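Peer 1: Before we start, here is the structure in question, set down as structure tokens.
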Amino acid sequence: MNELQLSKRLQTVVSFIPKGSVLADIGSDHAYLPCYAYLHGYITKAIAGEVADGPFRSAKQQVEKCGLSRVISVRKGDGLQVVAPNEVNCVTIAGMGGTLISNILEAGKGKLTAVKRLILQPNVGAHIVRRWLLENEWELIDERILEEDGQIYEVLVAERGNPYRPYTQLHVELLLGPFLLKERNDVFEKKWALEMKHWRDVIEQLKHAKTEEAMKKKQQFVETLHMVEEALNR
Ligand SMILES: C[S@@+](CC[C@H](N)C(=O)[O-])C[C@H]1O[C@@H](n2cnc3c(N)ncnc32)[C@H](O)[C@@H]1O
């Protein structure tokens, strides 16, 4: 992977960047995403934010190697702290867990006033990101699910609007993704077949559970399994 040959996962993220955007890519690592987005005409400028030393240096080197230091500013710092208010109108956060993505958005809310679109790619816990969007007036406008190198990834796209609009069965669609449930492609079917197998295994292991904690856990798995089975059998 490099600035010209991006993974399918990151290409999917980039495909949702509105043309002409000023981007903040938070957790940019090698800065492949903003370099690719600039070289392919998606953005006019970008900030590549990185909290860790090594990835920050890699990002700087990559941007210099591409001759893009004039248009991509590599900054070291935690989450959206690297962005000034009104500086960007599109934010990408990819390749992290849903909890971390939500924490970054929550801590950086004040930096999102001029932001028109969020493109978020949680590796796990997409439902945590959907819930954060719902609670913060961001409307989920599209989703993708894809498989690459044996891993399944989800991409969530949001703009300001009516956060309830995409949902008809809120609870289960927060988990499955309202657009993904409607589309039900092969990757989606595979993901939830695997998840449900895992839940059934846990329920089986907890069959003779005696402690209150284990019984509660089993009950949660049973309820979630039934909820998802019902939604998928509809
Ligand atoms: C697994 S990498 C993903 C890199 C790239 N976004 C991608 O999707 O391929 C996650 C990156 O996020 C950075 N990161 C984690 N927490 C961060 C935070 N709070 N602020 C900025 N960067 C963060 C890590 O240092 C790491 O380089």
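The values are calculated or read from the model by the stated rules, or taken from the named source; none is laboratory data. If you're wondering where the values come from, they're calculated on a predicted model, not measured in any experiment. Glycine gets a Cβ as well: all are built from the backbone with ideal geometry, and neighbour counts include every protein chain shown. Accessible surface is based on the protein model in full, side chains and every heavy atom, while ligands, DNA and RNA are left aside. Shrake-Rupley method; radii C 1.70, N 1.55, O 1.52, S 1.80 Å.
Peer 1: Please give me the summed charge of the neighbours of Leu120: other residues whose Cβ is under 11 Å from its Cβ, Lys and Arg +1, Asp and Glu -1.
Peer 2: Here the count lands on 0.
Peer 1: Ok, one more. Taking amide H atoms as placed 1.01 Å from N in the peptide plane, list the residues 5 or more away in sequence, or in a different chain, whose amide H sits under 5 Å from that of Gly77.
Peer 2: The answer is Glu50, Val51.
Peer 1: Send over a whole-number figure in Å² for the accessible area per residue of the chain, probe 1.4 Å.
Peer 2: 51
Peer 1: Moving to a separate point now. Under 30 Å between alpha carbons, and skipping anything fewer than 8 positions from Lys216 in its own chain: which lysines qualify?
Peer 2: Partners within reach: Lys190, Lys191, Lys197, Lys207.
Peer 1: Placing +1 on the Cβ of each Lys and Arg and -1 on the Cβ of each Asp and Glu in the chain, which of Gly79, Asn123, Ser102 has its Cα farthest towards the positive end of the resulting dipole?
Peer 2: The residue sitting farthest along the positive end of the dipole is Gly79.
Peer 1: Which ³J(HN,Hα) values, rounded to whole Hz and listed in residue order, are derived for segment 108-123 from phi using the Karplus coefficients 6.51, -1.76 and 1.60 in 6.51 cos²θ - 1.76 cosθ + 1.60 with θ = phi - 60°, glycine and proline given as x?
Peer 2: x, 3, x, 8, 9, 4, 9, 7, 9, 9, 10, 10, 10, 10, x, 6
Peer 1: Looking at segment 8-165, what % of its DSSP beta bridges pair antiparallel, to the nearest 5?
Peer 2: Antiparallel: roughly 40 percent of the beta bridges in segment 8-165.
Peer 1: Also, quick follow-up: Mind listing the long-range amide H neighbours of Asp142? Cut-off is under 5 Å, sequence gap 5 or more, other chains count too, H placed in the peptide plane at 1.01 Å from N.
Peer 2: Here the answer is Val157, since their amide H atoms fall under 5 Å of that of Asp142.
Peer 1: I've got another one for you. Karplus couplings for segment 76-88 from phi (6.51 cos²θ - 1.76 cosθ + 1.60, θ = phi - 60°), rounded to Hz, Gly and Pro as x?
Peer 2: Working through the residues one at a time gives 9, x, 7, x, 7, 4, 6, 9, 7, x, 6, 7, 10 Hz.
Peer 1: Using +1 on the beta carbon of Lys and Arg, -1 on that of Asp and Glu, and nothing else charged, what's the dipole of segment 187-232 about the Cα centre, debye to 20?
Peer 2: 180
Peer 1: Also, I was wondering about something else. Using a 10 Å cut-off on Cβ atoms, rank the peptides 155-162, 105-112 from the highest mean neighbour count down.
Peer 2: Taking the mean over residues of other Cβ atoms within 10 Å, the ranking is 155-162, 105-112.
Peer 1: I'd like the distance separating the alpha-carbon centroids of segment 99-142 and segment 1-22, in whole Å.
Peer 2: 19
Peer 1: Can you list the HN-Hα couplings for segment 174-185, worked out from phi with the Karplus curve (6.51, -1.76, 1.60; θ = phi - 60°), rounded to whole Hz and with x for Gly and Pro?
Peer 2: Running phi through 6.51 cos²θ - 1.76 cosθ + 1.60 with θ = phi - 60° gives 4, 7, 8, x, x, 6, 5, 5, 5, 6, 6, 7 Hz.
Peer 1: Can you give me the span-like helices of the chain, meaning DSSP H runs with 15 Å or more of Cα extent along the axis and Kyte-Doolittle mean at or above 0.5?
Peer 2: Helices passing the filter in the chain: none found.
Peer 1: Same structure, new question: Amide H of Lys45 versus every other amide H placed in the peptide plane: which residues, excluding those fewer than 5 positions away on the same chain, fall under 5 Å?
Peer 2: Result for Lys45 returns Leu23.
Peer 1: For segment 1-105, what is the Kirkwood hydrodynamic radius in Å, using each pair of distinct C-alpha atoms?
Peer 2: Every distinct Cα pair counted, the radius reaches 13.3 Å.
Peer 1: Calculate for the chain the 222 nm mean residue ellipticity that helices alone would give, adding -39,500 (n - 2.57) per DSSP H run of length 4 or more and normalising by residue count, nearest 500 deg cm²/dmol.
Peer 2: Helix contribution divided over all residues of the chain: -13500 deg cm²/dmol.
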